[in-house]
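The values are calculated or read from the model by the stated rules, or taken from the named source; none is laboratory data. The shown structure was predicted, so the numbers you read here are calculated from the model rather than taken from an experiment. Cβ coordinates were reconstructed from backbone atoms using ideal geometry, including for glycine residues, and neighbour counts include every protein chain displayed. Surface accessibility is based on the protein's heavy atoms, side chains included, excluding ligands, DNA and RNA. Shrake-Rupley method; radii C 1.70, N 1.55, O 1.52, S 1.80 Å.
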Amino acid sequence: QVQVAESGGGLVQAGGSLRLSCTASGLSAAMAWFRQAPGTGREGVSCIGRNSVSLYYAPVVKGRFTVSRDNDKGTVALQMDSLKPEETTMYYCAAATTFSCPSTWSATTSYPYWGQGTQVTVSS
């Protein structure tokens, strides 16, 4: 039914930038980015509502990452600047079923649809 797919990961040096993209076919709703943080479970990075009014960032990435969406193209992007080696991990795109970001936007249980992930590697 609903298929989520992310892309754009790769290898970048510390301080560099990457731009991830995500599509969610068959659904137009709030979208979120997660990553598997070292030593912890999957953590929320950002969430953006359908109309971009609902917008959230994890404090650790605020000011460096920018989430945006193009509803005409059906895509969501995560621009990641000033990347750090400790941010080397898998990044995942997730889709909610509501237009606005869930109140528990950083909880994995708030999103029924997930992509397979894209690997981001930041070298020092």
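Structure data summary
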| quantity | calculated |
| --- | --- |
| Å² of accessible area per residue within the chain, as computed with a 1.4 Å probe and no ligands counted | 50 |
| Rel. contact order, % - alpha carbon contacts under 8 angstrom, at least six apart, the chain | 37 |
| Computed magnitude of the charge dipole of segment 4-124 (debye, nearest 20; Cβ of K, R +1, Cβ of D, E -1) | 100 |
| Net charge contributed by nearby residues that have their C-beta within less than 14 Å of V76 (K/R +1, D/E -1) | +1 |
